Structure formats: structure tokens, C-alpha cells
Amino acid sequence: MMALVLAVIAGAVIGLALGALGGGGSVLAVPALIYLLGFTPAAATTASLIIVAATSATALYAHARDGHVAWKAGSLFAAAGIIPAYLAGAASSHIPAAGLTMAFAVIAALAALRMLRPSTSEPTGRIRPGKAAGAGAGLGAVTGFLGVGGGFLAVPALVSVLGLTMRRAVGTSLLVITVNSLAALTARTGTGGGIQWEVIGPFTGAAILGAWDGKRLAAKISGPTLQRVFAGVLLAVAAFMLIDVIA
């Protein structure tokens, strides 16, 4: 029962962050699964992919309904990440737990720094195919390996290399994250370690509901303030994970 309560609370908080901040919110899913719910790093990254895919797909529907998704450009960007996401997802099962935890802590710290220093990228008005393929592949690898959405990397890339406005970049990033997460999950199928649906189900449901509340929260509190608070929490989590690995 305690695990169920913790899963619902953690899912709601992470969904709230996703809804209010967009990219970066899902980064907290992995440490929550490891330190609150007792998952191994490998199991946590797999479970996180399920949570990220479901939550991103739900949010994608909302953004698409408002016309804020560049389907053609986003599909091409996502396609570049499918194979890297699949390969990284398969490779992650062979990495020691300490290595996964340390790599995740580094990515979490980078996400926090990105939030503290928002991207200054501006729409270029033109697509750069080479850079788009490279950025899409890199994002797919990060998603597959660590089980994070990578929105904090995707949004600036979509603005700078695909020439999207910020609003359309946020909506389109959800398409990319959903595709990459599903590709990585496919690679992890049958790699061992049963999926604890009794925990992941409530966690995911709470995250989806929390994301809708997060949108309302974002309308009441300034974006920069929310980002600074979340970045501080994320830095603290990253530091804790690094200390846990080193100690």
C-alpha cells in the first residue's frame, strides 16, 4: 500500500512539472523510481520510458488540438532518433547500475543548468538537414539509454535546426519524445526484469492527471520562477545521486 501511495504522489509531482515546464520534467521519474520505490537503475529507466511515452503522447494530443505540432518536420527529426534509441535501449541493459546512475546524474545536472540558463536560440526560418539528423540521433540515444524524454535538449534543437517557433517546438518535441520512447521500449522487451505494473500504472495515471494541472499552474506563476525552483530541485537530486554512487 505504501508503494502505491508513493507512486501516486511521485507521479503527480512529475506530471505537474511536465505540464508546467514542458521539457525536463520527466527527468525526476528515474530517481523517484530508484530511491522512493526501490527499482534498480535498469528497471527504473525502462519504467520511466513507459511513463514518459504515455505522458508525452497525452500532452501531444493537447498540443496537436491547438495546432502547435509540426508533423512533417517533427516526424523527420524523430525518424533520425529511432535506430539510436533502439540500440541505446538494448545497450543499457549491459551497463553496471553505478554507471547508469552516474550517467543519469550528469544528464540531470545538464537539464538543471539548461533551465537556469534558458536557450537563446531563435527561429532561423530554414531547415538544416545535417544538423537535424545529428540532433535527432543524439536525442534518441539519450532517451533510449537513460529513459528520459530529453525535452530540454529537443526544444532548443527544434528551434535552431528546424526553424520552429518556441511554441511549435514544445509541441513537436512531444512527438519526438513519444517516438523515441517507444523505440527504446521495443529494444528492452524481453531483456529480463518483470515490469511492476501495479506501481507503474498508478504512477503513470497520476503523471497524466498532474500534467493537466501543471498547465493551469503555469498560467498563474511566471515561467522563469518555475524553472528556477525546478532546476534547484534537479541539481540537488543530481548531487545526491553522484554522492550515492561515489560513497
- Message: Once you place label points 7 Å from the Cα toward the Cβ at residue 131 and residue 62, how far apart are they in nm?
- Response: 3.0
- Message: If I build a Gaussian network model for the chain, linking alpha-carbon pairs within less than 10 angstrom, which residue out of 48, 160, 75 has the largest mean-square fluctuation?
- Response: 75
- Compute the projected area of the convex hull of the Cα atoms of the chain, averaged over all viewing directions, and report it in nm² to one decimal place. 12.2
- Of 9, 51, 95, which has the most accessible area and how do the rest follow, probe 1.4 Å? 9, 95, 51
- Prolate/oblate/rounded call for the range 1-90, Cα gyration tensor, a/c under 1.5 rounded: oblate
- Query: Between residue 220 and residue 1, what FRET efficiency follows from the Cβ-Cβ distance if R0 is 41 Å, with the result rounded to 0.05?
  - Reply: 0.80
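The values are calculated or read from the model by the stated rules, or taken from the named source; none is laboratory data. From a predicted model like this one, the values you see are computed outputs, not experimental measurements. Note: ideal-geometry Cβ built from the backbone for every residue, glycine included; neighbour counts use all protein chains shown. Each accessible area value is taken on the protein alone, full model and side chains, heavy atoms only, with ligands, DNA and RNA left out. Shrake-Rupley method; radii C 1.70, N 1.55, O 1.52, S 1.80 Å.
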